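First up is the structure itself, then whatever we jot down about it.
Every number in this text was worked out from the coordinates using simple rules, so none of it is lab data. Remember, predicted model here, so these are calculated numbers, not experimental data. Ideal geometry is used to build each Cβ from the backbone, glycine not excepted, and the neighbour counts take in all protein chains shown.
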Amino acid sequence: MTKPVRITLVTGGARSGKSALAERLMARHDRPSIYIATAESGDAEMADRIALHQHRRGANWQTIEAPRDLIGALNATDGQGARLVDCLTLWLANCGAAVDIEGLVSTLRHQRDPVVLVTNELGGGIVPANAMARDFRDRHGWMNQAMAEAADQVWMAVCGQPMRIKPGRDSDDIL
């Protein structure tokens, strides 16, 4: 018997199609769709990005804005339908040193309704030139590892194409 998918992580680079993939994965759930947004529109360009996401989703989604209190938003919406969190990278940036990754993992493991998480895949390029950027990249990588470990499924978007990472075809053979 297949274990039900409760936690799905979707990763990818900038403009890779990860949010659209996450929305397609949400359509698999026969429940109301709740969008938990971590972005804040600090400037016109970010406001345009947010509007693009809202337009693509349509009016059938309930939106909860939670730029910092993601754990509270997940707990408050559990039992109301499947949730899409977009995105963990902005949540990490918004919270800074106050981020509670262990608390988020614990919260996710206790959710009754499915959660699809979107994050960016960072660290594939050069090592950043300053300590603050290196620290963020490292914390982000550790966060992604913790989320992937907790997730039932992990997907990566590359050039708009989905690649399933977990469970893989040979997942039983991997250490």
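Between Ala20 and Asp78, residue separation times 0.36 nm minus the direct Cα-Cα distance comes to 18.6 nm.
Taking neighbour counts of Cβ atoms within 10 Å as a proxy for exposure, in what order, fewest first, do Cys159, Cys87, Cys95 appear? Listing Cys159, Cys87, Cys95 from fewest to most nearby Cβ atoms yields Cys159, Cys95, Cys87. Counting pairs of alpha carbon atoms under 8 Å apart in space and at least six apart in sequence, what relative contact order in percent does the chain give? Reported relative contact order: 36 percent. Ordering Asp48, Asp86, Asp30, Asp138 from the fewest to the most neighbouring beta carbons within 10 Å gives Asp30, Asp48, Asp138, Asp86. Proximity of backbone amide H atoms, modeled 1.01 Å from N, is registered between Asp113 and Gly79 at under 5 Å, excluding neighbours fewer than 5 places apart on the same chain.
Taking label points 7 Å from Cα along the Cα-to-Cβ direction, Glu102 and Glu65 give a separation of 3.2 nm.
Taking amide H positions as modeled 1.01 Å from N, with prolines and chain starts lacking one, the residues under 5 Å from Leu9 and 5 or more places away or on another chain are Leu117, Gln153, Val154, Trp155.
Other residues with beta-carbon under 9 Å from the beta-carbon of Ile7 carry, at +1 per Lys or Arg and -1 per Asp or Glu, a net charge of +1. In a solvent-free Debye calculation with one equal scatterer on each Cα, what is log10 I(q)/I(0) for the stretch 9-165 at q = 0.08, 0.14, 0.18 Å⁻¹, listed in the order of the q values? Listed by q, the Debye log ratios stand at -0.21, -0.68, -1.18. The listed peptides 114-120, 10-16, ordered by packing as a protection proxy, come out as 114-120, 10-16 (highest mean of other Cβ atoms within 10 Å first). Ordering Thr107, Thr63 by the number of other Cβ atoms within 10 Å of each residue's own Cβ, fewest first, gives Thr63, Thr107. Which residues in the stretch 54-87 place their backbone N less than 17 Å from a point set 7 Å from the Cα of Ala146 along the Cα-to-Cβ direction? Taking a point 7 Å out along Cα→Cβ of Ala146, the residues of the stretch 54-87 whose backbone N falls under 17 Å are 68-75, 87.
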